[in-house]
Amino acid sequence: MDPKHSAELSKHLDKQNQALMETYRAMSHELHKLQVEEETIMRKLYELMSAEGLLPKVYILYLPMDDLEDCSAGFNVQLLSLATFFFPLS
């Protein structure tokens, strides 16, 4: 390849890379803002539902660890996410 063309191509690719990085940063920032907004809305929803008595009753079943492992075999159990929704950490 002609050195003149390779220098132009390199400059062009650098500019494209810069533009893509700026776009990535802007989108990451927007995503973070939306995640914070979602968390705020979910907390407000929880407060409203709690005040209105609309939260479902949560029953905790205590099982020996072996039984719990047998019951959850084959399932993707995500207890922390559910507990965090009904009982926010802060």
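Here, each number is a calculation from the coordinates, and none is a lab measurement. Quantities reported herein were computed from a predicted structural model and do not represent experimental measurements.
At 0.36 nm per residue, minus the direct Cα-Cα distance, what do GLU30 and SER6 gain on full extension? Give it in nm, one decimal, please.
Stretched fully, the GLU30-SER6 segment lengthens by 5.1 nm.
What lysines does LYS4 reach when the alpha-carbon gap must be under 28 Å and sequence neighbours fewer than 8 apart in one chain are set aside?
Partners found: LYS15.
Work out, step by step, the length gained on full extension between THR23 and ARG43: first 0.36 nm times the residue separation, then minus their alpha carbon distance; give nm to one decimal.
Full extension from THR23 to ARG43 adds 4.2 nm.
Sequence neighbours fewer than 8 away in the same chain don't count; with that in mind, list the lysines whose C-alpha is under 23 Å from LYS57.
LYS44
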